[in-house]
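Encoded as structure tokens, the structure appears first; notes follow it.
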Amino acid sequence: MATQEDTTPTEAVSNATTITRIIDVVAAAAPEIRAGLPGRRVYAETDNPSGETPLEADIFADDMLRDRLGDLRGVGEYASEEREEVIDTGTGGLSVCIDPLDGSSNLKPNNTMGTIVAVYDAPLPAAGTDMVAAAYVLYGATTTMVVARDDTVSEYVIDQEGDYETIREDVSLPDDPTVYGFGGRVPDWVDDFADYAEEVESDPSMKLRYGGSMIGDVNQVMTYGGIFAYPTLADAPEGKLRVQFEGYPVGYIVETAGGRSSDGERSLMDVEKDGLHARTPVYVGNEEFVDDLEAAFDD
Ligand code: FBP
């Protein structure tokens, strides 16, 4: 939670301190976001910038994070998937992009959802190479958080007070991958991707793990190794996921954990930043899987 010290515009804080404060604020908000979900399963009154109708839960989580992160000294800009425009806090500093409730269509069937955090040392929309930290909270059977910063990935469990404890340090993708999860309607997959998916499925060591929330599905890959894709689609070549809010942060986390990310041709971190709400196909996982995927598109 923002403290008096955070909101008093005195001397500048270091980026490292600001990143720690951002992570602390997100962890502190997580149990409150979780507790606020049961009464917010209904649709909100207005569409988001991507033309989708958010749930009241999306708006609730966004408002909470905007208030608390926007008040943090060292945060100069706040943007979220639910808002058209970037909010300039007027104090200068790092830029934060939030997907407040990733996978919120999973609220009704009571499946996993996440909060995604991307921190850039540049005005928004930023480039992938401007990213200085990324994190996600996963609301599953327990509430966990994965943070990539300073070239390392850590996983934490968050308690009901918003305090967090390390459960894995120096997280790296396992060498013996076992899971895959591919989004989008199968009939909408382009032939190259359908052929690649068939190749993955024919590997007897691989099993399908797909729940419809990117963070839940990516965390399967972070835990067991393998590949997650929300691919290019015949009627939506850019796929569904957003560059600033989903593509860059998840690419950064998986790459920091020793894996690879791609849009089909290049690392997600090198995808053009093309507007705040631009989309990109997302392929992340163990290096050999993403290499094969790129080769499939290159044929
Ligand atoms: P939201 O950010 O609007 O929740 O959309 C993202 C997402 O829910 C991802 O978490 C998931 O991978 C994907 O959309 C699933 O979309 P769909 O069910 O439409 O294929």
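The values are calculated or read from the model by the stated rules, or taken from the named source; none is laboratory data. Note that this is a predicted model, so its numbers are computed, not measured. All Cβ positions, even for glycine, are placed from backbone atoms using ideal geometry, and neighbour counts span all protein chains on display.
When we screen GLY181, GLY264, GLY239 for residues that are part of a strand (DSSP E or B) and free of Cβ contacts under 8 Å to residues at least 60 places away in the same chain, the only hit is GLY181. Here the condition is being buried (at least 20 other Cβ atoms within 10 Å of the Cβ) and either at pLDDT 95 or above or farther than 19 Å from GLY212 by Cβ (or both); of ALA118, ALA44, ALA28, it holds for ALA118 alone.
Across the range 163-173, the number of residues qualifying as touching a residue at least 24 places away in the same chain (Cβ under 8 Å) and surrounded by fewer than 17 Cβ atoms within 10 Å (Cβ to Cβ) comes to 2. The single condition among (1) within 16 Å of the ligand (Cβ to nearest atom); (2) buried (at least 23 other Cβ atoms within 10 Å of the Cβ); (3) over 20 Å from GLY103 (Cβ atoms); (4) not polar (S, T, N, Q) that TYR136 does not satisfy is (3). Going by the structure shown, is THR144 modelled with pLDDT of 95 or more, assigned to a strand (DSSP E or B) and more than 17 Å from the chain's Cα centre (by Cα)? So THR144 does not fit the description; no.
Among the residues of the range 34-66, those that are part of a helix (DSSP H, G or I), under 22 Å from PRO109 (Cα atoms) and in contact (Cβ under 8 Å) with a residue 12 or more places away in the chain comprise ARG34, GLY36, GLU56, ALA57, ASP58, ILE59, PHE60, ALA61, ASP62. Residues in the range 198-222 that are without any contact (Cβ under 8 Å) to a residue 24 or more places away in the chain and part of a helix (DSSP H, G or I): GLU198, GLU201. Quickly run through the range 105-123 and pick out the residues that are near the ligand (Cβ under 8 Å from one of its atoms) and among the hydroxyl-bearing types (Ser, Thr, Tyr). Across the range 105-123, the qualifying residue is only SER105.
Under the condition of being assigned to a loop (DSSP other than H, G, I, E, B) and either more than 20 Å from PRO249 (Cβ to Cβ) or not assigned by TED's automatic domain parsing to the domain that holds VAL117 (or both), the residues counted in the range 150-168 number 5. Each residue in the range 269-292 was checked for being touching a Phe, Trp or Tyr at 6+ places or on another chain (Cβ under 6 Å) and part of a helix (DSSP H, G or I), and 1 pass. Scanning the range 74-104 for residues that are acidic (Asp, Glu), part of a strand (DSSP E or B) and within 9 Å of the ligand (Cβ to nearest atom) yields ASP99, ASP102. Do we have ASP298 as acidic (Asp, Glu), away from the ligand (no atom under 11 Å from the Cβ) and modelled with pLDDT of 95 or more here? No: the conditions fail for ASP298. When the range 154-188 is filtered for residues that are touching a Pro at 6+ places or on another chain (Cβ under 6 Å) and within 16 Å of the ligand (Cβ to nearest atom), only GLY184 remains. Of ASP188, ASP203, ASP195, which residue is in contact with a strand residue (DSSP E or B) (Cβ under 7 Å, 6 or more places away or on another chain), assigned by TED's automatic domain parsing to the domain that holds PHE228 and surrounded by fewer than 17 Cβ atoms within 10 Å (Cβ to Cβ)? Within the list ASP188, ASP203, ASP195, the selection yields ASP188.
Scanning the range 102-128 for residues that are over 19 Å from LYS240 (Cα atoms) and either in the same structural domain as ARG209 (by TED's automatic domain parsing) or under 14 Å from the mean Cα position of the chain (by Cα) (or both) yields a total of 2. Scanning the range 190-220 for residues that are more than 12 Å from the ligand (Cβ to nearest atom) and closer than 17 Å to PRO281 by Cβ gives VAL190, ASP191, ASP192, PHE193, ALA194, ASP195, TYR196, ALA197, VAL200.
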